[in-house]
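The values are calculated or read from the model by the stated rules, or taken from the named source; none is laboratory data. Keep in mind the model is a prediction, meaning the values are calculated, not measured. When we count neighbours, we look across all protein chains shown, and the Cβ atoms used for this are built from the backbone with ideal geometry, even at glycine. With ligands, DNA and RNA removed, areas are computed over all heavy atoms of the protein, side chains included. Shrake-Rupley method; radii C 1.70, N 1.55, O 1.52, S 1.80 Å.
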Amino acid sequence: FDAEERERRKVSLVTSALCIFSPPACHSLSVISNSAASVVPDPLSLTEVNCRLLRVSLRTLRILSRDKKVLAPFVTDGALLTVARLAGLTTSNVEEDDFGEEVQRKEAMKVLCNVVYNSIWAQERFSALRLMCGLIQCLSSSTSCSPPSSVQFYELRLMFLITALRPELRTQLQQLMDHCVSILTAALETCLEVQWKEQYECVLSPTGPPISLDASQRIIEILKILFNITHSTHRQEPSEDDAALYRHLVALLRLCLMRKCLLPDDTDELQGHTVNLLSALPLKCLDVLLMVPLEPGSEQCHGVNMDCVHTLVLFMERRLELGEKMKEKLTPILNLLTESCRAHRETRRYIKKHILPPLTDVSHRPEEGSTVKSRLIRLMTHLDTDLKHCAADLIFVLCKENVSRFVKYTGYGNAAGLLATRGLLGGQVARTPGSDSQYSSDSDSDTEEYRQVKDRINPVTGRVESQQPDPMEGMTEEEKEEEAKNLIKLFNKLARSDFIQAVGVDSEGNLFPMSGLRENSPAEQGESGSEKDGEAGEKN
């Protein structure tokens, strides 16, 4: 068959399957697909449909609904409501529905996921038909079941698609924030099989079993939904009740970071989505990550448990080594670590010890090598602006936002981008509001090796340069002056051709354009005047 004939047959199959489900839908659909379907079976009442035929029809729709070109039969409210009813979204009690068996509901939910993903019209009608309320009710019911039904994953997947694709539904859920976060937190708690030790501390057994594949998939969907509906709360000041709700959630997220899945790739994906959600929550609620008492073998800094921070640092290192999709993979963890370092002194000290250890070998440029510090400094000159700013911000905060210390660890050439953006090229000390209380007054002590070569370090490159011969050696003063004039001419030529723009630094550390190079220097004016006099003499 040619492509057109194949599409016709697909549309015919979709229409036929929908007609089996719902007689009212059949009439409207047959009008739409009359030209495409050669034979449409007589509509059967639902009581006459064999359950096996129903499941086969749903599987057929699930496969065909992946093709955007054959979704025309779904472009009616009747068709969408029919599948939604089979999925349990429009029935008050799914368990009493004759066709609400788990397998059928799962297949119908898969169909809805495909249709919503591939059809903008279906996304809009999902909102207009108020199917989100039914979806929330289904999810709430499935959360209370132990163990969760196999349908729950597809309920979560459908909610993620809707919150990702439809801003108005995302806003609707944000208005019901407490209710939705509570339901999703309860679902997350069920998937993790949590046992509580304290109010915000879960039991974490090092010898416990890994998270199963099914549970990890459900957890990831929950984290993605929570990110979609909470990402706007990061800069907001939560109420007392909201703060308690978020801290409860953060305690579960700590478990997501610390526990392993069956497969390493699943563990990395779970940690990635956990980092995304942590970066979206109010910063003041993340203190739960550090409130766990110390245990034998725990990472610690000044008596504070750093196990979770250590896991985040290791996660960042793996993302740095990956080298793929750098912006997507790295910016969330870099932002999270930066904000955490700015807010928690112990976190900053612990991370600085791992990323910016005291300088000993300064014979190489700071960006050279395979250490975490070198990789981050290389990102400071990355082509992607957001990524290079995130990397520079982290190192800047680790240096207590001190310009001279920042230049010491990175070199002026690598640091210039951030300094210019923040107006710090003049060496001013600029602090984020509230950061003064977090940064201690302790000095950054130099190692003996660093002190011995400190005077020979090139501040631009950040390393000890080998001795270079003096290019002016053997030149008379007149020759040096002539060389300087030639250099000025070259700069003027480049500036007038817009190849470069000369800038200066004002008293506030900001750059401003210098127009002097666009005008002829006294040397050029004198030279051009001499040339004109010579031409006039020749004419005379």
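Of everything in the stretch 231-243 that is touching a Cys at 6+ places or on another chain (Cβ under 9 Å) and part of a helix (DSSP H, G or I), the residue that is most open to solvent (accessible area, probe 1.4 Å) is Asp242.
Condition first: among the acidic types (Asp, Glu) and buried (at least 17 other Cβ atoms within 10 Å of the Cβ). Now tell me which residues in the stretch 146-195 satisfy that.
Glu155, Glu189
The residue that is farthest from Asp446 (Cα to Cα), counting only those in the stretch 379-406 that are surrounded by 18 or more Cβ atoms within 10 Å (Cβ to Cβ) and among the charged types (D, E, K, R), is Lys388. For Ile488, are the conditions met, namely being over 30 Å from Asp361 (Cβ atoms), of a type in the set (A, V, I, L, M, F, W, C) and more than 45 Å from the chain's Cα centre (by Cα)? Yes: the conditions hold for Ile488.
Of all residues in the stretch 326-343, those that are closer than 16 Å to Phe227 by Cβ have Cβ atoms under 6 Å from Cβ atoms of residues that are open to solvent by 40 Å² or more (accessible area, probe 1.4 Å) and modelled with pLDDT of 95 or more, 6 or more apart or on another chain, in Pro332/Asn276.
Within the option set Leu262, Leu290, being over 22 Å from the mean Cα position of the chain (by Cα), open to solvent by 60 Å² or more (accessible area, probe 1.4 Å), within 29 Å of Leu213 (Cα to Cα) and in contact (Cβ under 8 Å) with a residue 12 or more places away in the chain holds for one residue only, Leu262. Does the stretch 108-128 contain at least one residue that is of a type in the set (D, E, K, R) and closer than 23 Å to Ser216 by Cβ? There is at least one residue in the stretch 108-128 that is of a type in the set (D, E, K, R) and closer than 23 Å to Ser216 by Cβ. Within the stretch 147-167, count every residue that is touching a Ser or Thr at 6+ places or on another chain (Cβ under 7 Å) and at pLDDT 85 or above. Here the count works out to 4.
Given the criteria open to solvent by 70 Å² or more (accessible area, probe 1.4 Å), modelled with pLDDT under 95 and in a loop (DSSP other than H, G, I, E, B), does His364 qualify? Taking the combined requirement at face value, the residue satisfies it. Cβ-Cβ under 7 Å, sequence separation 6+ or interchain: first residue in the stretch 474-497 and of a type in the set (A, V, I, L, M, F, W, C), partner open to solvent by less than 90 Å² (accessible area, probe 1.4 Å) and assigned to a loop (DSSP other than H, G, I, E, B). Which pairs? Between residues of the stretch 474-497 that are of a type in the set (A, V, I, L, M, F, W, C) and residues that are open to solvent by less than 90 Å² (accessible area, probe 1.4 Å) and assigned to a loop (DSSP other than H, G, I, E, B), the close pairs are Ile488/Ser521; Leu494/Ile500; Ala495/Ala502. If I filter the stretch 98-118 for residues that are assigned to a helix (DSSP H, G or I), closer than 16 Å to Cys180 by Cβ, open to solvent by 10 Å² or more (accessible area, probe 1.4 Å) and in contact with a helix residue (DSSP H, G or I) (Cβ under 6 Å, 6 or more places away or on another chain), do I get at least one hit? No, because not a single residue in the stretch 98-118 is assigned to a helix (DSSP H, G or I), closer than 16 Å to Cys180 by Cβ, open to solvent by 10 Å² or more (accessible area, probe 1.4 Å) and in contact with a helix residue (DSSP H, G or I) (Cβ under 6 Å, 6 or more places away or on another chain).
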